[in-house]
1. Average projected area of the Cα convex hull of the chain, in nm²?
2. Which semi-axis lengths, in whole Å and largest first, follow from the square roots of five times the eigenvalues of the Cα gyration tensor of segment 389-528?
3. State which entries of LYS66/LYS91; LYS9/LYS40; LYS373/LYS482; LYS66/LYS352; LYS51/LYS167; LYS428/LYS482 exceed 28 angstrom in Cα-Cα distance in the structure shown.
4. Considering amide H positions built from the backbone, and no H for Pro or chain starts, which residues 5 or more places from TRP347, or on another chain, come under 5 Å of its amide H?
5. Just going by the charge dipole of segment 362-443, with Lys and Arg at +1 and Asp and Glu at -1 on Cβ, which of ALA434, SER404, VAL362 is farthest out on the positive end?
6. How would GLU512, GLU16, GLU28, GLU349 line up from fewest to most surrounding beta-carbon atoms within 10 angstrom?
7. Among ILE130, ILE84, what is the fewest-to-most ranking by other Cβ atoms within 10 Å?
8. Would you calculate, for the chain, the mean residue ellipticity at 222 nm contributed by helices, counting each DSSP H stretch of 4 or more residues as -39,500 (n - 2.57) and dividing by all residues, to the nearest 500?
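Bear in mind that the values in this text are calculations on the coordinates, not laboratory data. What you see is a predicted model, and the numbers here were worked out from it, not measured in a lab. So basically every Cβ, Gly included, is an ideal-geometry build from the backbone, and we count neighbours across all protein chains shown.
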Amino acid sequence: MAQYQDDIKAVAGLKENHGSAWNAINPEYAARMRAQNKFKTGLDIAKYTAKIMRADMAAYDADPAKYTQSLGCWHGFIGQQKLISIKKHFKSTERRYLYLSGWMVAALRSEFGPLPDQSMHEKTSVSALIRELYTFLRQADARELGGLFRELDAAKDAAARAAIQEKIDNHVTHVVPIIADIDAGFGNAEATYLLAKQFIEAGACCIQIENQVSDEKQCGHQDGKVTVPHEDFLAKIRAIRYAFLELGVDDGIIVARTDSLGAGLTKQIAVTNEPGDLGDQYNSFLDCEELSADQLGNGDVVIKRDGKLLRPKRLPSNLFQFRAGTGEARCVLDCITSLQNGADLLWIETEKPHIGQIGGMVSEIRKVIPNAKLVYNNSPSFNWTLNFRQQVYDAMKEAGKDVSAYERGQLMSAEYDDTELAKQADEKIRTFQADASREAGIFHHLITLPTYHTAALSTDNLAKEYFGDQGMLGYVAGVQRKEIRQGIACVKHQNMSGSDIGDDHKEYFSGEAALKAAGKDNTMNQFH
């Protein structure tokens, strides 16, 4: 923000060139408005944040302790408050992003009402949310800088002004990378390309795409997932890369997600031209039975491999089934192929948070791609407490320790909360991200749906108190008093919505004639 003084001089020069017609224009006010609007377009944001992610990826390659994190959000205000909180508590946004979840868009942003995560929501609602998130983050910048400008005007001496000026010059923006979920591309490769352009123009520097069939897409933690042959998926990865290049975001990031671990079905038999090619490798995982030509039935589909006729198992849904137990091998092949064909990061959707399982697959991938890195879903679909207590239980049992005091299937019970097993499990949960980044190649940890759950939990607590015996104290003690004492900025909700920014602009535009909202009778003054 060292450009602030330069902008004052530049606008002063423009004012002089335009003569008396610009007499009422204050160069410092114009410079302040420029500072509060650092990013003019979504493409400015995408280019800026892509450089941040690339630098973070390089830093992780050098030191796996430097992993990155994000939380999912479904509204601009939610994303804004996360970044305001991050800056408040950590004084920096370094290695902290936002995640845009297709699940949350489907469940909370569709005009159809709440929907499952099956790509039935309006595809443009995702790019609209990216744009909304950055609108709120840019306003967070404007609000914070506006407060500094007010402090600058009120400062009594040169030393105080210099200290505030330094804060202005070194202002840390709330604008951070967003990893945006494009599901399975919402159609063919051309549809993926068109939608990716909307994502990027809205500000996304990183797009995540999965290898499921678009019209059969399921949430990664539900049954019935259907994958596509590699060439179909690679065409969509290339489509996204072309979208980045067309729009001048040359270092945009693509996350290739494989759902193969939990996907036992495919809609297509891959095209193969010779033994061992990519299509042949995909087909090699099909659940087949050998038969002779005279055993062929009406409408049978067969493939030929190693001189044998094989009939893939076809279900009544017209889908083909993979052999049981091939999920990890298919994930490894998916990941290697994606990285060899333009993807930058990987996402392996798993059914549980288990470092050994993830690390085993990454180890195989890194035999071919040594710097392979993952984005990992620390999903609320996992029962973290039960999973980690069971992992500790199994380790204790394997080590020959007495586990007779525990019932493995009931370890979620509160009766175990104060046991040594539970404490060990909680410590493993606490260090999971650092451990997995060191041991399993995870560059970025995210929670897809945190604010979906926090909104439900906080609303339940407020409703129970407010509509119960506590009445208004349920709100005051449970919400407002905590906001004030924790220094939550939105306790001054008028300020958070832009009221003070508007007052500043009124003064810029109308001078002493400005009718401001922040007078002595503004009840927000109670929170000074």
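1. Details: hull surface 135.3 nm².
Average of the hull's projected areas for the chain equals 33.8 nm².
2. Numbers: eigenvalues 503, 103, 24 Å².
So the three semi-axes of segment 389-528 are 50, 23, 11 Å.
3. On the way: LYS66/LYS91 17 Å; LYS9/LYS40 21 Å; LYS373/LYS482 40 Å; LYS66/LYS352 24 Å; LYS51/LYS167 23 Å; LYS428/LYS482 30 Å.
In this structure, LYS373/LYS482; LYS428/LYS482 lie more than 28 Å apart at Cα.
4. Correct list: ALA256, ARG257, THR258, VAL375.
5. Toward the positive end, the furthest listed residue is VAL362.
6. GLU512, GLU16, GLU28, GLU349
7. Working: ILE130 25, ILE84 20.
Exposure proxy ranking, most exposed first: ILE84, ILE130.
8. Details: 20 runs with 251 residues, N = 528.
Mean residue ellipticity, 222 nm, calculated: -15000 deg cm²/dmol.
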